[in-house]
Structures are given as C-alpha cells and as structure tokens.
Amino acid sequence: MKAALFDMDGVLCNTQEYHNACYAEIAKKNYNITLDSSIEDKLKGVLRNEGAKIFCKAVGIRPNKENIKYISTLKNNLYLKKIEENKDSLLSKGTIDLLQKLKNNNVKVALVSASANAKTIIKITNIEKYFDYVVDAKNIKKGKPNPAIFLEAAANLAIKPSDCVVYEDAINGIQAANDCDMYSIAVNVDFNKTTFTYSKKIADRYVKSLDDPLCYKGLYENLFEKADNCSLFIFDAGNVVIENIHCFNGIFDQYNFTTDQKSEFIKDFNFYTAPLMDGNISTEFFLNHVNKNLNLNISGDPFYNYFNPVFNVKIINLIKKLKENGKRVVLGSNTFAPHTKKMKEMGLFDLFDSVYVSNEIHHYKPNPSFFRYILEKENTEANKAYFIDDISENIASAASLNINTLHYVNDDKNTKLKKAFTKFI
Ligand code: BG6
Ligand code: MG
C-alpha cells in the first residue's frame, strides 16, 4: 500500500460526537424530540445538506429547500461554537503518532472528509502539515457512500485505488472504499449497533482507535518490524527463497500458444488457483480442462518441466544464520504437487525445520487459516512469529493476526531485510 486516506470526523478528530450533539440539541430544544441514537450512523459521512435532510425527516418537518437551509445554518453555528470551546482536545488518541509514522516512511497521506469545516479543523489542530492532499465538501458533489471522493484523492496523489488504505468510522465511508477496491479499516465502529445491513464483507480490518498497531502493521512496504524477539520464522518460497519461478512461458513456447490462448490459459489458471493451491484439484485435472477448452494437446508434466527455480543466496544465508542462532525456520508456501516435487528435489526443503506447502496442508494464503494452522503446529504465539513474503495480500493477512511481517519486494528489499535482521546478519 502506498497511500493512507483518512476520514476526519470520528477518525482523526473526535468531532463526530459534536455533530451528533448538535442535532440532538436542536431536536430537543426546537422540536421537543429525543432523537433515536440509530440516526447517528445515517448522519456519518454525509454532506451537510444531506444530514439536514435526514434530520428534517427524523423530527417530522418537510425536507424542503427552506427547511434544509434553516437546519444546516442553525446546526453549523452551534457546531462551530462547540469546536471553538473544545479546540484543544479535538484530536483522537493516536492521530499524531500514526500520521508521523506514515510520513516518516514516505506513505502519501490525504484527508478525505465530507465536512466543509475540514480545512479549518486540521488547521486549528495543527495536523495540516501531514497531508499531501485534502478533499473536503467543497471539492465534491456527492458524499459517501459514493466513492468519487476517495477516487479523487487517489488520482491526485497519483496512487492507484488498490494501493490505498481508507480509515473510516462511517459505514457509508467503508462502503465507498470497498466499492472502489481500496483497503478499508473501520475505526471505532460498533457494527452490532448499526441499523445498516450490508451484505458484503464490511471492513478489511477493525480497530478501536488509531493507536492500535493494526492501523499500519503489514500494510505499508516500508513499515516493517525488527526480527529480534521472534522465535519462529516463516518464509514464502517463490520470489523469496527461490527466484526464476515462472513456468508459463516455457509451456507457451513449446505448444505455440497464440496470444488469445495465453490470456485464456492465464484466466483459467487464476480461476482454478484456489483449488489447485489447496490440493483439491490436481494439475492433471487442470491441464485436461485447458486441453479441452483451448483445443490443445498438452501432455506430461509441464508445470514440473518448465519450473526451474534458483536459490536466492541472500535469503539462504539468512536462514542459515537464524538457525545458527537457535531459531526455528519453516517454509510456508502456496504451491501444487509438481512444484512441491521440484522444490524437494533441489534440496530446498532440507533448509527448513519444517515445511508447510498449501497442497499438502489444505490451507492457502492469504486465508488466515493458513497462518493459524502453522502457528498451531509450531505451538507459537503470533507475536513471536515472523513472516516474509512478496505478496501484499499475504502480508496483510498475516499481520492482521499479529504476526510480524516483512514485505520482501522491490529494489530495496535486501536493504529492508538488513534493517529487520541486523541482529542476525
Ligand atoms: C462528515 C460527518 O464528516 O461531515 C457528518 O460525518 C457531517 O456527520 C458532514 O454532517 C458535514 O459536515 P459539515 O462540517 O460540513 O457540516
Ligand atoms: Mg467520519
């Protein structure tokens, strides 16, 4: 992940409670109505006029232009008064530390708020300097759950949506993040209380407040843990312990695949990846299917023949050092039978105290059950385990269980390795 997109009200600042308090106060004073607290969820993340409309309906007045304008103004004046009175205590627990950590590690940071007061609030709370970009009510026509607000931030930071993490306390906001393929972290949300029903997964992670390490663990490439206090080390195989792992091109060349056949083959492979990896279907089954589907005549075991990996010497040396230091080192790989066979033959398995390959243990990454299985077999607590992998989804999944992680990817991967393992290298 390369960018962090923060909601303000109820996430960076405790200001959502003042929005709620204003509506409750107006309802009581002007309409003698006690607002049901379930309305608070509906008011989160929506634009000011939209909030006023919801309020009008709740107190039984017509949500026409005049009433919306009247309520909006009344509420905002009251809100600004509360903000002024509480200006020294508007930041949530953990806000500064997290923003600073992200900045120190070159993560892009944006504020994505539906509030027209956002710029004022980040100024008076002194956090303005942390943001590379700010989207507030003035830039947008449609509030959350419309994803436009997040897409605009990503576009301006020049980061693709799937590399963005969204921090939100509103279901509206989480839904918007999910809908544009961003990683979502629900902050201080009690989903049991909510009146919303949302059929898909709600958020990727849940934290009580921004001082929870799950706000960053395993999510940003440059933010990794030191390996000092760990006792178990889990290494991914492909692109970590071994390199040159791609076997498709060999198969494509031998059977003279056309461009269409190549893309169809890859599509089929992706479709069958899960059952192939967890050992539920064999590569023979897959090749039979491909032969029929693409009118080909692939025979033998091409996944074995064209899989000719080489050892990554830097990692092999690290594994040796860890073992010299009395650490337990295991392999945790997503793979299938022909590759398992080749890896065994090349002596890769001999490097490890134990080997966990998905096609034999019937669990595969990024499913958390893969990591739970290994931790249980190794009788190790998650915070004593360290996992190294090149795929961000796998890292995020392990980290969400509190396993320490290093995302071994990009040109500086060996520099990161050195920093995390100084004690051993
Ligand atoms: C959102 C809040 O951030 O901003 C909403 O979650 C609020 O509850 C909205 O209505 C608009 O705020 P403002 O400050 O523009 O009235
Ligand atoms: Mg919010």
Checklist entry - Within region 146-159, is even one residue outside any helix (DSSP H, G or I), touching a Phe, Trp or Tyr at 6+ places or on another chain (Cβ under 8 Å) and either over 30 Å from Asn293 (Cβ atoms) or away from ligand 2 (no atom under 15 Å from the Cβ) (or both)? => result no
Checklist entry - So which helices (runs of 4 or more DSSP H) are wholly in region 310-379 and hold at least 3 residues that are closer than 20 Å to Gly279 by Cα and in contact (Cβ under 8 Å) with a residue 60 or more places away in the chain? => result 358-361
Item to check | Residue tally, condition over 24 Å from Ser369 (Cα atoms) and open to solvent by less than 70 Å² (accessible area, probe 1.4 Å), over region 383-425 | outcome: 8
Checklist entry - Considering region 220-246 alone, what residues qualify as being part of a loop (DSSP other than H, G, I, E, B), small (Gly, Ala, Ser) and either under 30 Å from Pro338 (Cβ atoms) or free of Cβ contacts under 8 Å to residues at least 12 places away in the same chain (or both)? => result Ala237
Checklist entry - For Ile124, all conditions in the list (1) within 14 Å of ligand 1 (Cβ to nearest atom); (2) touching a residue at least 12 places away in the same chain (Cβ under 8 Å); (3) over 25 Å from the mean Cα position of the chain (by Cα); (4) within 30 Å of Tyr31 (Cα to Cα) hold save one; what is the number of the exception? => result (4)
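Go through region 358-369 residue by residue and tally those that are over 23 Å from Lys226 (Cα atoms) and buried (at least 17 other Cβ atoms within 10 Å of the Cβ).
So the count comes out to 6.
If you go through region 198-219 one residue at a time, do you hit one that is of a type in the set (Val, Ile, Thr), closer than 24 Å to Cys164 by Cα and not in a strand (DSSP E or B)?
Yes, region 198-219 contains a residue that is of a type in the set (Val, Ile, Thr), closer than 24 Å to Cys164 by Cα and not in a strand (DSSP E or B).
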Checklist entry - From Phe271, Phe286, which residue is buried (at least 18 other Cβ atoms within 10 Å of the Cβ) and not assigned by TED's automatic domain parsing to the domain that holds Pro366? => result Phe286
Item to check | Those residues of region 1-56 which are within 12 Å of ligand 1 (Cβ to nearest atom) and on the phi > 0 side of the Ramachandran plot, in sequence order | outcome: Gly10, Gly45
Checklist entry - Only one of (1) surrounded by fewer than 16 Cβ atoms within 10 Å (Cβ to Cβ); (2) over 21 Å from Lys142 (Cα atoms) is not met by Lys69, so which one is it? => result (2)
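Report, by residue number, each residue of region 13-49 that is part of a helix (DSSP H, G or I), within 16 Å of ligand 2 (Cβ to nearest atom) and either modelled with pLDDT of 95 or more or crowded, with 21+ Cβ neighbours inside 10 Å (or both). Break it down into steps so the answer makes sense when it comes.
Looking only at region 13-49, we keep the residues that are part of a helix (DSSP H, G or I), and these are 16-31, 39-43, 48-49.
Still in the running and within 16 Å of ligand 2 (Cβ to nearest atom): 16-23, 39-43, 48.
If the condition is that a residue be part of a helix (DSSP H, G or I), within 16 Å of ligand 2 (Cβ to nearest atom) and either modelled with pLDDT of 95 or more or crowded, with 21+ Cβ neighbours inside 10 Å (or both), then Gln16, Glu17, Tyr18, His19, Asn20, Ala21, Cys22, Tyr23, Leu43, Arg48 are the ones that fit.
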Checklist entry - If Lys138 passes every condition in (1) in a helix (DSSP H, G or I); (2) within 13 Å of ligand 1 (Cβ to nearest atom); (3) open to solvent by less than 30 Å² (accessible area, probe 1.4 Å) but one, which one does it miss? => result (3)
Checklist entry - Within region 85-97, can one find any residue that is open to solvent by 30 Å² or more (accessible area, probe 1.4 Å), part of a helix (DSSP H, G or I), in contact (Cβ under 8 Å) with a residue 40 or more places away in the chain and polar (S, T, N, Q)? => result yes
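The values are calculated or read from the model by the stated rules, or taken from the named source; none is laboratory data. Please read all numbers here as calculations on a predicted model, not as lab measurements. Here Cβ is always computed from backbone atoms with ideal geometry, including for glycine, and neighbour counts include all displayed protein chains. We work out accessible area using only protein heavy atoms, side chains counted, and drop any ligands, DNA or RNA first. Shrake-Rupley method; radii C 1.70, N 1.55, O 1.52, S 1.80 Å.
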